[in-house]
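Novice: One structure coming up, written as structure tokens, with questions to follow.
The values are calculated or read from the model by the stated rules, or taken from the named source; none is laboratory data. These numbers come from a predicted model, not from an experiment. Positions of Cβ are generated from backbone atoms using ideal geometry, with glycine treated the same way; all protein chains shown enter the neighbour counts. Heavy atoms of the whole protein, side chains included, go into the accessibility calculation; ligands, DNA and RNA do not. Shrake-Rupley method; radii C 1.70, N 1.55, O 1.52, S 1.80 Å.
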Amino acid sequence: MSLTKKILLGMGIGIVVGLLLNLALPDMYDTVQSYILYPLGKIFVNLIKMLVVPIVVVSLILGTAGISDPKKLGKIGAKTISFFLITTAIAIILAIGMSYLFQPGSGDFQLNGANYEATEAPPVIDTLVNIIPTNPVNAMAEESMLQIIVFSIFIGYGLSRLGEKVNGIYRLIEQANDVLMYLVNVIMKFAPFGAFALIATAIGGQGFGAIMAMGKYMFVVLFVLLLQLVLVYGSALSFIGKMNPIKFFKGFSPAMIVAFSTSSSSATLPISMKSAQNNLNVSKSVSGFVQPLGATINMDGTAIMQGVATVFIAQVYGSNLSLSQLLTILLTATLASIGTAGVPGVGLIMLSMVLTSVGLPVEAIALVLGVDRLLDMCRTSVNITGDAVCAVIVDRSEGKQEDFVSEEKSA
């Protein structure tokens, strides 16, 4: 049985166990979760998170060094960021449009007792100023991804300019990359057990009544996520990347499944890079540059949640959003995705910024809290898929896969 099938089997068993604990054995949930599900899920997440910082550093150094021409590096960077900003804007527009079409906030929602304490997000200008690390080691210890990315790009650029003088260091980093990718393979053997525990915890911890009450909101979010995957990414792959979308999703499915289980773009990064390089034939230099950057600044799935949730909350409160407010949502949600850590629950922090920008009560986030964990799993899969789509498109636009494209067309 392939690893993907094993992970899917683990997820299926997890769903059954979660529903059983939620509906038939609610008194046993705390015990099972504390002594079985939590340890299994936590160990799996910790194992893959252990490799995130080393892989980001090593991959970005190799990726930047491999793109030795500064003009080419700037060109690839511009393509990457442009793709991320455009797809994020499209995601929010789709979210707002579908929210007005399906009206998820229509109905009788209890607002009494709704309470949510927002965590203040750093201003965008502070994020931009602080991307240069004063202490790279401290940045790695605190997992400040933007600072790690900038430091790694500088090191890679230095290696590319010094050339043969630093061949020994370059080879050492290549060997470190080989070791890290081997460890990814080892850790993935534990993935079915981790997927089982994480899914069971998520399903078992949600109140079934809350899920039913928020069914329309969940439907709209999931529908827009599907549109983003099929319509936006599928079209981009077909018309720009010249790649069969079915082939892409089949090759990238292991990473999407792990992202669904962990709800963390950063934690999934080792697996998503491995899938892109091995299954999608993306070059190591482009994958090592684009995907770590995307895990930090590209969050289309989270942007979709923000767009739907904002319109949903406005409808619940009977507030008619003006055109200027809708444009504010588009701009704020796009900018909010830059520099926000790819960890579970971060979407709620970003949502509080969007609600504040259009004058809606932040406390209303409590309305979507009950089902956010389940939706977080889905939108994380979309987030990392967008990174991989960008990597494929950028790689092929640079002409590194011409032979592969020819073979695919003749097949």
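Novice: Just the residues that are more than 20 Å from Q306 (Cβ to Cβ) and open to solvent by less than 10 Å² (accessible area, probe 1.4 Å), please, taken from the stretch 78-92.
Specialist: T80
Novice: Quick check: anything in the stretch 263-279 surrounded by fewer than 24 Cβ atoms within 10 Å (Cβ to Cβ), touching a residue at least 40 places away in the same chain (Cβ under 8 Å) and not in a helix (DSSP H, G or I)?
Specialist: no
Yes or no, residue by residue, for (1) in contact with a strand residue (DSSP E or B) (Cβ under 7 Å, 6 or more places away or on another chain); (2) aliphatic (A, V, I, L, M); (3) open to solvent by 10 Å² or more (accessible area, probe 1.4 Å); (4) over 19 Å from S152 (Cα atoms):
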position	(1), (2), (3), (4)
S283	no, no, yes, no
G301	no, no, no, yes
V311	no, yes, no, yes
Q315	no, no, yes, yes
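Novice: Are any residues in the stretch 157-173 small (G, A, S) and within 31 Å of the chain's Cα centre (by Cα), and if so, which ones?
Specialist: The answer is G158, S160.
Novice: Out of curiosity, is I148 part of a helix (DSSP H, G or I), among the aliphatic types (A, V, I, L, M), modelled with pLDDT of 65 or more and surrounded by 13 or more Cβ atoms within 10 Å (Cβ to Cβ)?
Specialist: yes
To keep it simple, each residue is scored yes or no on (1) touching a Pro at 6+ places or on another chain (Cβ under 8 Å); (2) closer than 30 Å to T64 by Cα.
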{"site": "E143", "(1), (2)": "no, yes"}
{"site": "I155", "(1), (2)": "no, yes"}
{"site": "L180", "(1), (2)": "yes, yes"}
{"site": "V186", "(1), (2)": "no, yes"}
{"site": "A200", "(1), (2)": "no, no"}
{"site": "V232", "(1), (2)": "no, yes"}
{"site": "S238", "(1), (2)": "yes, yes"}
{"site": "F252", "(1), (2)": "no, yes"}
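Novice: Tally time: how many residues in the stretch 350-371 are under 16 Å from L326 (Cβ atoms), assigned to a helix (DSSP H, G or I) and either open to solvent by less than 40 Å² (accessible area, probe 1.4 Å) or touching a strand residue (DSSP E or B) at 6+ places or on another chain (Cβ under 9 Å) (or both)?
Specialist: The total comes to 3.
Novice: Shifting gears a bit: With the stretch 4-76 as the region, which helices (runs of 4 or more DSSP H) entirely inside it contain at least 3 residues that are of a type in the set (A, V, I, L, M, F, W, C)?
Specialist: In the stretch 4-76, the matching helices (runs of 4 or more DSSP H) lie at 38-49, 52-66.
Novice: Among the residues of the stretch 34-65, write down those that are over 25 Å from the mean Cα position of the chain (by Cα) and either open to solvent by less than 20 Å² (accessible area, probe 1.4 Å) or modelled with pLDDT under 85 (or both).
Specialist: A65 - this is the single residue of the stretch 34-65 that is over 25 Å from the mean Cα position of the chain (by Cα) and either open to solvent by less than 20 Å² (accessible area, probe 1.4 Å) or modelled with pLDDT under 85 (or both).
Novice: List pairs: first in the stretch 239-262 and farther than 18 Å from G301 by Cα, second among the β-branched types (V, I, T) and open to solvent by 50 Å² or more (accessible area, probe 1.4 Å), Cβ under 8 Å, 6+ apart or cross-chain?
Specialist: The qualifying pairs are P245/V230.
Novice: Tell me yes or no: at least one residue of the stretch 93-106 is buried (at least 18 other Cβ atoms within 10 Å of the Cβ), assigned to a loop (DSSP other than H, G, I, E, B) and not hydrophobic (A, V, I, L, M, F, W, C).
Specialist: yes
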